[in-house]
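J.: I am attaching a structure below and will ask some questions about it afterwards.
Readers should treat all values here as calculations from the given coordinates under stated rules, not as data from a laboratory. Everything quoted here is computed from the prediction, not taken from an experiment. Virtual Cβ from ideal backbone geometry, glycine too; neighbours counted across all protein chains shown.
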Amino acid sequence: MDQSPAHPHRKIIHIDMDAFYASVEQRDNPEYRGKPLVVGGLPEGRGGVVATASYEARKFGIRSAMPSKKALQLCPHALFVRPRFAAYKDVSQKIREIFSRYTDLVEPLSLDEAYLDVTTDKLNIGSAIDIAKQIKQAIKDELQLTASAGVSINKFVAKTASDINKPDGLTFIGPSAIEAFMEKLPVEKFFGVGKVTAQKMKNMGLHTGEDLKKLTEDELTKNFGKAGRFYYQIVRGIDNREVQPHRETKSLAAEDTFPYDLTTTEEMEAELDKIAQTVCNRLQTYQLKGRTLTLKIKYSDFKQITRNQSFPAGFNDLETVCATAKRLLAATEPDDKKVRLLGISLSNFNEPTPKQKDEKRTDQLMLPF
């Protein structure tokens, strides 16, 4: 990517569709419009999880990845529908066709969001803000949906900006405003900062980017590992990652950090059911099947382990994902251990060669520790 003085800054747009699955359902089904709608597993089902909630449902505190039964408790009159992944993928393709009118440098993050590098755009518009406005209008006119956009000089700030004025928002954060913006940003809004890390930061008196900025790179790295180096740079507005238009999906994962430590196998298996549902939804969204499942466990003392199992053929069904994750969990002898986080990821999406299949038949049930 040319970063010569003639192009001192990139022009990056992050587009994020608003409540995507739910918005498609409300567009296609007038009877859902204006009502609290939950797309995901049904509450009467076992281990159902919210994939997306409409803005009407979010007013009741319903959020993605929440158990559907909890969502029903928060809003007893909510409507629950199963996801139609084929429909969402079709709409996503049309959105990407709109993007391609302006640039070929598009990096999809999922069906409903993407980065665009419009440093040089196909239509010679020049202004990233104007391009973002045109894209939003095209999505509204052609697909009857709304999107929010963030515009800045790097990926991190653009992505953060797109979340500020949802739904149907457009936020520009220019070069001169980035450091002040980052200083005011709450630590939980930083990329890669989950609930546990955010709480650890707050316990250290770190509540905003301005607080993080007071620590040296060594101090941040000592406390937060490799991520500390990223925090040190990003709080100063430095993010040199390029938009990668041909990024290959190598794994899909979901994890959850719990408000209290899990101490029984039953509790852990119940949480794995929910996490597995989220992973399977994502696999089916992208029509991917993985051959390797990895279980991630973090204990109360922050020690972390992973266990994995590979199969001769790809899979994305809930039964296999759940059974494999629980089998890997059992091999760690979980009883009487305090678990604060569980995660499941699927990888190895490419089909193996016939020779690899033959080799795998002899050892497919081995658990490499």
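J.: Which of 238, 173, 15 has the fewest other C-beta atoms within 10 Å, and how do the rest follow up to the most?
T.: 238, 173, 15
J.: Right, another one. What are the ³J(HN,Hα) values, in whole Hz, obtained from phi via the Karplus relation 6.51 cos²θ - 1.76 cosθ + 1.60 with θ = phi - 60°, for each residue of region 229-234 in sequence order, with x given for Gly and Pro?
T.: For region 229-234, the Karplus curve yields 5, 5, 4, 4, 6, 5 Hz.
J.: How charged is the neighbourhood of residue 306? Take every other residue with its Cβ under 14 Å from the Cβ of residue 306, and add Lys/Arg as +1 and Asp/Glu as -1.
T.: Cβ neighbours under 14 Å give a net charge of +3.
J.: Turning to a different aspect of this structure: In debye, nearest 20: dipole of region 237-297 around its Cα centre with unit charges on the Cβ of K, R (+) and D, E (-)?
T.: On the way: 8 positive and 11 negative charges, 112 e Å.
Dipole size: approximately 540 debye.
J.: In this model, which of 89/140; 155/214; 70/202 are farther than 19 Å apart at the alpha-carbon?
T.: Numbers: 89/140 17 Å; 155/214 23 Å; 70/202 28 Å.
Over 19 Å apart, Cα to Cα: 155/214; 70/202.
J.: Looking at 105, 127, 92, which one has the Cα that reaches farthest to the positive end of the dipole of region 56-127 (charges on Cβ: Lys, Arg +1; Asp, Glu -1)?
T.: Toward the positive end, the furthest listed residue is 92.
J.: Amide H neighbours of residue 80 under 5 Å, at least 5 residues apart or on other chains, H built in the peptide plane: list them.
T.: Close amide H contacts, sequence-distant or interchain: 38.
J.: Explain nothing, just compute: Karplus ³J(HN,Hα) = 6.51 cos²θ - 1.76 cosθ + 1.60, θ = phi - 60°, for every residue of region 276-282 in order, whole Hz, x for Gly and Pro.
T.: Couplings: 4, 4, 4, 4, 5, 4, 5 Hz.
J.: Find out how many positive minus negative residues lie around residue 213, taking Lys and Arg as positive, Asp and Glu as negative, among other residues whose Cβ is under 10 Å from that of residue 213.
T.: Details: positive: 214, 236; negative: 179, 183, 210, 211.
Residues close to residue 213 contribute a combined charge of -2.
J.: Hey, how many Å between the Cα centroid of region 146-203 and the Cα centroid of region 249-266?
T.: Region 146-203 and region 249-266 have Cα centres separated by 25 Å.
J.: Taking Rh as the Kirkwood radius, which is the inverse of the mean 1/r over Cα pairs, what is the Rg/Rh value for the chain?
T.: 0.97
J.: As a footprinting exposure proxy, order 310, 127, 54 by other Cβ within 10 Å, with the fewest listed first. Provide the component values of the computation, followed by the final result.
T.: Details: 310 19, 127 14, 54 25.
Lowest to highest Cβ neighbour count: 127, 310, 54.
J.: Taking H placed 1.01 Å from N in the peptide plane, check which residues at least 5 places from residue 66 or on another chain put their amide H under 5 Å from its amide H.
T.: Answer set, sorted by chain and number: 50.
J.: Two decimals, Cα atoms only, Kirkwood Rh: what is Rg/Rh over region 140-182? Spell out each step's value before the answer.
T.: Values: Rg = 11.6 Å, Rh = 10.8 Å.
That ratio equals 1.07.
J.: May I ask you to derive the relative contact order of the chain, considering only C-alpha pairs under 8 Å and at least 6 residues apart, and to give it as an integer percent?
T.: 15 percent
J.: Still on this structure, I have one more. For region 252-356, what does the equivalent ellipsoid look like in terms of its semi-axes, each the square root of 5 times an eigenvalue of the Cα gyration tensor, given largest first in whole Å?
T.: With the √(5λ) rule applied to region 252-356, the semi-axes are 25, 14, 11 Å.
J.: Continuing with the same structure: When the Cα centres of region 283-348 and region 87-144 are compared, how far apart do they sit, in Å?
T.: Result: 35 Å between the Cα centres.
J.: State the volume of the convex hull built on the alpha-carbon positions of region 76-139, expressed per residue in Å³ and rounded to an integer.
T.: Residue-normalised Cα hull volume stands at 112 Å³.
J.: Moving to a separate point now. For residue 170, which sequence-distant residues (separation of 5 or more, or a different chain) have an amide H within less than 5 Å of its own amide H, given hydrogens modelled in the peptide plane?
T.: Correct list: 149.
J.: Kindly write out, for region 31-44 in residue order, the coupling ³J(HN,Hα) from the Karplus curve 6.51 cos²θ - 1.76 cosθ + 1.60 (θ = phi - 60°), rounded to whole Hz, with x marking Gly and Pro.
T.: Per residue, the Karplus-derived 3J(HN,Hα) values read 5, 8, 5, x, 10, x, 10, 10, 9, x, x, 6, x, 7 Hz.
J.: Around residue 20, what is the net charge, scoring Lys/Arg as +1 and Asp/Glu as -1 over all other residues with Cβ under 9 Å from its Cβ?
T.: On the way: positive: none; negative: 16, 18, 112, 113.
So the environment of residue 20 carries a net charge of -4.
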